[in-house]
Every structure is written in C-alpha cells, then in structure tokens.
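Note sheet for the following structure.
The values are calculated or read from the model by the stated rules, or taken from the named source; none is laboratory data. Computed from a predicted structure; not experimentally measured. Backbone-built Cβ (ideal geometry, glycine too); neighbour counts: all protein chains shown. Note: accessible area is taken over every heavy atom of the protein model, side chains too, but ligands, DNA and RNA are not part of it. Shrake-Rupley method; radii C 1.70, N 1.55, O 1.52, S 1.80 Å.
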Amino acid sequence: QNNNSRPLILVAGLSRTGTSSLQDALIALNLTVFHTYETVIHHLDFWYYYLNGYIEKPNIQAILDPLGIHAISDCWFAHLTPEIIKAYPNTKVILTTREAQAWIRSYRSYLKVSDLYHWSRQFHRLMASRISHLFHLGSILKYFNFIPNTNDGLDLEKLPMLMNIWAGVDRVVYGSNNPNPLWHNAYERHNAYIRAIVPKDQLFEFNLGNGDGWDQLIHFLGVDQDTARRVLSKPFPRLNCVATNSCVSQLSTQATRLHELFVLLFSLLLLAFLFFLYHQFTYDERENKISQSIR
C-alpha cells in the first residue's frame, strides 16, 4: 500500500493505448494521478539518470511516497512494474491494450507532431537553453521573478535532458526510435510480461476499443456507490493529446516562451555590446594611425 493507506493503482499499458483517457477517468473518481506531464515536472532528473544507466536499482518508495498520489499512468513507470509490485504488493494494475495495427498508426502520428523527437525543429530552443545555462540566466530571471521560480522538467535549461529522455524511453521499451515491425513484438512482449508477473486478482485489462468503460473500471477498483452514480451519468473520457495540442511537447514549448524571449533580448544586447567594443577598438586604431601620420 502507498502512504494514503489504499492500494496504489498502476496503469501499466504503453503509450497510445488509452492511458490519458484512463488518467482522466481516475481523476473523475477523486484520485490523484501522475501521468507523463506530472512525471516530467517532478522526476525528470531521476528518469534521465535511470535511462542512461546511472541508477540500477531505483528506490520506488523514495520516489512515490512523498507525493501522496493514488495512481500512476504512463509507460515510464510501467517499465518499472516489477519494482513497483515489490514495493507495494497490493498494487492494482490496469493494463491498457489496443489493437496492434491501430496502436502503431497512432504512435507514428504522435511521433510526427511531437517536436521533442526532432532535434532540428528544436534548434532555436536548444541554442537558447545553452546560452541561458552558460550565463546562468535562468537563476537570475527566477531571482528577480521574471519567470516562475521552479526547477521542474519543463525548465528551458533542462530541454536537452528532456529530449534525451524522450528518445531514451522508446529505445529502452521498443529497441529503437523508429516504429517498425519489431515494435509489434515489443508491444506484445510487454503485455505478456505484465500478465505473467501481476497476480490475476490484481490485474485488469482495459481496452477502450472493445467497449470497456465505467462499469468495468468501477467494479475492479471497488468504487463506492455515490461516486459510481456520479460518474456513470457521464461518458467515459476519450482523450488524444495530439488532437488537443496538450502533449508534453506542446506544453514544453508554451512553458518556456517567456524564458526564450529573455534569452533573445540578452543575446541581442550582448551582440550589440560586442559590436560596440569592436567598433571602439577599430576606431581607436584608426585615430592612432591618423595621429601618427600627421606627426
């Protein structure tokens, strides 16, 4: 159990299988849920070091207990299912699934629009990130409250780390960054692995495409009658961050715009100052040559 004295809920499905929809459903059941966005905000450093091999045995309780959350719903933590079950033996696991061909098509569409996969699209932001880091602009801007005083994963200076993780997760889970027939194998292998390691009475397979919804979810989680009546009067959520421009890629761009503007202004002022120094130096040289020629 987690520190809220109720079983932790782990949505162990891979990305593009309905995990965002399920997050919204769990929130409607008055549960605090971490999906990719929340994970990026709170745990970017951990995932960077874990995916790059610097952490071999993550301390799951040290990560989750301080947050007081009820559920986690993203493929990052799904990768740590064995560690989570060991730390929280009563965990209720929801394996979101989807028809394989539809899943791979959805993932390809996602890859096309997610700028975090494309370094060339992020060149200007990466340059701004490096300049800000080099001159400690983030700390200065936060000190004077020009930008929010946070150190979360959407910070402009952490953009290279965020992009490294974005590609790293796919390499770890699927074996490459390019959806191909091997991804189908990885998808099926992941689902089979979850079915094998999770006790059957703690596992629920959820497939929106097959008509699963409130009834099945409420039954599995043992939701109280008042909450059940309230949510049953509403349609089950169906979210798509690509269609609503709410993927972490878009949120990252929105979060750093002001910081990028300050970096641009600083860069222009720095260039103007350097040009002034160059002009002053060349001017002094010309003056010296003229004075010498007069003599």
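Descriptive notes on the structure:
- Consider the range 179-212 and keep the residues that are in a helix (DSSP H, G or I), within 22 Å of F236 (Cβ to Cβ) and at pLDDT below 95. The one that is most open to solvent (accessible area, probe 1.4 Å) is N210.
- Annotation: of all residues in the range 243-274 being part of a helix (DSSP H, G or I) and polar (S, T, N, Q), the one that is modelled with the lowest pLDDT is T244.
- The set of residues in the range 97-110 being open to solvent by less than 50 Å² (accessible area, probe 1.4 Å) and in contact with a Ser or Thr (Cβ under 9 Å, 6 or more places away or on another chain) consists of T97, W103, S106, Y107, Y110.
- Only one of G168, G175 that is under 23 Å from the mean Cα position of the chain (by Cα) and on the phi > 0 side of the Ramachandran plot: G175
- Hits in the range 140-152 (condition: surrounded by 14 or more Cβ atoms within 10 Å (Cβ to Cβ) and in a helix (DSSP H, G or I)): I140, L141, K142
- Just so you know, in the range 87-107 the residues that are touching a Phe, Trp or Tyr at 6+ places or on another chain (Cβ under 9 Å) and among the β-branched types (V, I, T) include one that is modelled with the lowest pLDDT, and it is I104.
- Residues of the range 111-138 that turn out to be assigned to a helix (DSSP H, G or I), out of contact with any Lys or Arg (no Cβ under 6 Å at 6 or more places or on another chain) and open to solvent by less than 80 Å² (accessible area, probe 1.4 Å), as a count: 12
- Scope the range 14-66; condition polar (S, T, N, Q), more than 19 Å from the chain's Cα centre (by Cα) and part of a loop (DSSP other than H, G, I, E, B); matching residues: N30, N59
- For P89, the stated conditions hold: it is in a loop (DSSP other than H, G, I, E, B) and of a type outside the set (D, E, K, R).
- K234, sole failed condition from (1) open to solvent by 80 Å² or more (accessible area, probe 1.4 Å); (2) under 16 Å from T19 (Cα atoms); (3) touching a residue at least 12 places away in the same chain (Cβ under 8 Å): (2)
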